Amino acid sequence: MESEEGRPAPLLVVDGANVVGSVPDGWWRDRHGAAERLRDSLVAVARDGLPGVPGPLTVVLVVEGAARGVTAVPGVRVVAAAGSGDDRIVRLVAEESVPGGRCLVVTADRELRGRVAALGAELLGPRAVR
């Protein structure tokens with residue numbers, strides 16, 4: 001996907017477990033459903049962008065555990081982590097960041113933030129997409 005200027009669309013990688021867990025709305029009773037609701041809300045983000053990051057964006061939602069069965073929808077790719085979601089996010093950033101393009105990671109996890117920042121990713125907190 002490219003922006004209107006012909007540059008690669010910014011890559012937005014979302015730490016699903018961290019973002020879902022950032023709001024005490026009963027998500028623990030239905031982790032799969034909570035991840036689906038997050039995925040669905042990201043469709044508008046993929047299309048419209050975020051403040052300071054105009055759309056369209058390439059959005060990747062990383063899920064783990066009980067949310068692994070969540071499937072993609074148009075505009076939002078879903079990657080199920082076989083093991084650690086954090087490790088999968090780091091691999092995504094390393095493998096899919098485009099030279100000269102923007103890569104943003106949404107998480108509040110301090111260790112993960114340090115790992116992806118070392119790879120050049122910009123950091124956003126969960127509120128950016130909630």
Can you find, among L123, L112, A67, the residue sitting farthest towards the positive end of the charge dipole of the stretch 6-130, where Lys and Arg contribute +1 and Asp and Glu -1 at Cβ? L123
Given a Förster radius of 25 Å and the C-beta distance between W28 and R91 as r, what FRET efficiency does 1/(1 + (r/R0)^6) yield to the nearest 0.05? 0.40
For E122, list long-range residues whose amide hydrogen, built 1.01 Å from N in the peptide plane, is under 5 Å from its own amide hydrogen. C103, L104, V105
Treating the Cα atoms of the stretch 16-90 as identical point scatterers in vacuum, please give the log10 of the normalised Debye intensity I(q)/I(0) at q = 0.27 Å⁻¹, two decimals. -1.25
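Go through 81-93, 114-126 and give me the packing order, highest mean Cβ count within 10 Å leading. List each step's numbers first, then the result.
Details: 81-93: 18.1, 114-126: 16.1.
Highest to lowest by the protection proxy: 81-93, 114-126.
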Antiparallel DSSP beta bridges within the chain, percent to nearest 5: 20 percent
Karplus couplings for the stretch 110-127 from phi (6.51 cos²θ - 1.76 cosθ + 1.60, θ = phi - 60°), rounded to Hz, Gly and Pro as x? 4, 5, 4, 4, x, 5, 7, 5, 5, 8, x, 6, 8, 10, 10, x, x, 4
Spin-label model distance (nm) - R7 vs V73, 7 Å beyond Cα toward Cβ: 2.9 nm
Between (1) 11, 30, 19, 11, 8, 8, 7, 5, 2, 0; (2) 13, 48, 33, 5, 0; (3) 12, 42, 35, 11, 1, which entry matches P(r) over Cα pairs in 10 Å bins from 0, in percent as derived from the coordinates of this structure? (2)
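From Cα pairs below 8 angstrom and at least 6 apart in sequence, can you work out the relative contact order of the chain, rounded to a whole percent? Walk me through the intermediate numbers first.
On the way: 234 pairs, mean separation 38.9, N = 130.
Worked out over the chain, it gives 30 percent.
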Residue-wise HN-Hα coupling along the stretch 11-22, computed from phi with Karplus coefficients 6.51, -1.76, 1.60 (Hz; x: Gly, Pro): 9, 10, 9, 10, 6, x, 4, 5, 5, 4, x, 7
Under the Karplus relation 6.51 cos²θ - 1.76 cosθ + 1.60, θ = phi - 60°, what is the ordered set of whole-Hz ³J(HN,Hα) values for the stretch 42-57, x standing for Gly and Pro? 6, 4, 5, 5, 4, 6, 9, x, 10, x, x, 9, x, x, x, 10
Over the Cα atoms of the stretch 1-53, what radius of gyration and what Dmax do you get, in Å? 13.7, 44
How do the peptides 35-41, 45-51, 14-20 rank, highest first, by the average count of neighbouring beta carbon atoms within 10 Å per residue? 14-20, 35-41, 45-51
Hey, can you grab everything whose amide H is under 5 Å from the amide H of L61? Only 5+ residues off in sequence or another chain; H modelled, so Pro and N-termini drop out. V14, R77, V78, V79
Among V53, V79, V13, which one moves the most in a GNM of the chain with springs linking Cα atoms closer than 10 Å? V53
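Expressed in nm to one decimal, what extension gain is obtained for the pair R47 and A118 from 0.36 nm per residue of sequence separation less their Cα-Cα distance? Before the final figure, lay out each step's value.
Numbers: separation 71, 0.36 × 71 = 25.56 nm, distance 2.78 nm.
Contour length minus Cα-Cα distance gives 22.8 nm.
In Å², what does the accessible area per residue of the stretch 13-67 work out to with a 1.4 Å probe? If you can, show how the numbers build up before the last one.
Values: 2440 Å² over 55 residues.
I get 44 Å² per residue for the stretch 13-67.
At a threshold of 8 angstrom on Cα-Cα distance, excluding pairs fewer than six apart, so keeping six or more, what relative contact order does the stretch 1-67 reach in percent? Walk me through the intermediate numbers first.
Working: 82 pairs, mean separation 30.8, N = 67.
Relative contact order of the stretch 1-67: 46 percent.
The values are calculated or read from the model by the stated rules, or taken from the named source; none is laboratory data. Note that the structure is predicted; figures quoted are calculated from it, not measured. Ideal geometry is used to build each Cβ from the backbone, glycine not excepted, and the neighbour counts take in all protein chains shown. Each accessible area value is taken on the protein alone, full model and side chains, heavy atoms only, with ligands, DNA and RNA left out. Shrake-Rupley method; radii C 1.70, N 1.55, O 1.52, S 1.80 Å.
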